[in-house]
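Undergrad: This structure is in structure tokens; I'll ask about it shortly.
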Amino acid sequence: MKLAMIGFGQAGSKIVDKFVEYDRETGSGVVRSAIAVNTAKADLAGLEHVPERNRILIGQARVKGHGVGADNELGAEIAEADIDEIQGALDDVAVHEIDAFLVVAGMGGGTGSGGAPVLARHLKRIYTEPVYGLGILPAEDEGGIYTLNAARSFKTFVDEVDNLLVFDNDAWRETGESVRGGYDRINEEIVRRFGILFSAGEVREGQAVAESVVDSSEIINTLSSGGISTVGYATEQVETAGGGLLGRFSEDDLDATETTNRITSLVRKAALGRLTLPCEVRSTDRSLVVVSGPQDHLNRKGIERGRQWLENETASMEVRGGDYPVADTDRVGAVTLLSGVTDVPRVEALQDVAVETQDNIDDIDAERDENLESLVRDDSDELEALF
């Protein structure tokens, strides 16, 4: 699948930067264009792989390159005002070469959570290609203001894109991990899962062709249900033929039953294990499964059984599946895309906390005004104001 990726805000830009790095390392050719948009000059300067000409600083007249300070209303206003600057970078995108746009943003901050929905709406108005979002939810311990931002942005973002792919930081944080180390690892997890999904079906020179190809149309049809999507991933090391530590067995020694059972097991682990956004699998509207690894270990029967299992588990008739042969690897992996999920406790809890935070902010504002009025007395008989 060929994508034009736009990272909005600090988190979104870093993830797109990581996608470009992943794309170059794997040679998948998924990222046809990469753009980073931010209100903070320092964040753009810290990117390593997005071309400098595609790093767009907006809001200079308002915030002087210092960011919006977690104010996503200001972020949305700046995006609206400077949309022409972003469009200037988009004009260089070879739209005839891409299958879709992907807008990536952290939903807890100000620039990304406010600006990403604005950009998505603009893209849908201008282009006919699908516009997808990749939204990163903040962890619960990041604070009430970030939760409130995420809830408001989520409500808006999901309405402005053709499908919102979600990654929940709260489900992926590890105890004792530094903030920087945690975000770096999480970004790698995001790129690995979505990178494998989007690169499925892309055949490079000298690479084996899949028996059941999963191309961009399969992904687009799965995501066409709209709403919210989550991705699962599971992998297992295998013994390969061709030398090295694991090269003890030849192609002829492979057991069909073993490869079939392995694939079925990996599909189960991917769907029921650690999803990018935890949800009730049975609430899925459409789904897709892609099995990748050495061609000799990609058993058609196993892939079909995994697809049938996912069909039963989701109670959906629209379950697509296929394989993606990868050379020079000793791992078989399964990626599951669950689209149109509706039973998501994390989103419900996020909105509940956001409503409570909003009420608390209103109460605090009212109390502050009363305290200030009490402190600075308006008594004209004793003290006159300067003007």
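Undergrad: Give me the pairs, please: first residue somewhere in the stretch 97-114 and in contact (Cβ under 8 Å) with a residue 12 or more places away in the chain, second residue anywhere and of a type in the set (D, E, K, R) and assigned to a strand (DSSP E or B), beta-carbon distance under 6 Å, and either six or more positions apart or on two chains.
TA: E97/R32; I98/R32
Undergrad: For a quick check of your reading: which helices (runs of 4 or more DSSP H) sit entirely within the stretch 205-316 and have at least 3 residues that are open to solvent by 30 Å² or more (accessible area, probe 1.4 Å) and at pLDDT below 90?
TA: Because the criterion is at least 3 residues that are open to solvent by 30 Å² or more (accessible area, probe 1.4 Å) and at pLDDT below 90, the helices (runs of 4 or more DSSP H) in the stretch 205-316 that meet it are 256-272.
Undergrad: So, in the stretch 127-152, of the ones that are more than 13 Å from V103 (Cβ to Cβ) and without any contact (Cβ under 8 Å) to a residue 40 or more places away in the chain, which residue ends up surrounded by the fewest Cβ atoms within 10 Å (Cβ to Cβ)?
TA: That would be T128.
Undergrad: In addition: Looking only at the stretch 150-166, decide whether some residue is on the phi > 0 side of the Ramachandran plot and assigned to a loop (DSSP other than H, G, I, E, B).
TA: no
Undergrad: Mind checking which pairs have a first residue in the stretch 349-360 that is small (G, A, S) and a second that is assigned to a helix (DSSP H, G or I), Cβ under 8 Å, 6 or more apart or different chains?
TA: Sorted first by the residue in the stretch 349-360, then by its partner, the pairs are A354/T147; A354/L148; A354/A150; A354/A151; A354/R152.
The values are calculated or read from the model by the stated rules, or taken from the named source; none is laboratory data. Remember, predicted model here, so these are calculated numbers, not experimental data. Neighbour counts are summed over all protein chains in view; Cβ atoms, including those assigned to glycine, are modelled from backbone coordinates with ideal geometry. The protein model used for the area step is the full one, side chains on, heavy atoms only, and it has no ligands, DNA or RNA in it. Shrake-Rupley method; radii C 1.70, N 1.55, O 1.52, S 1.80 Å.
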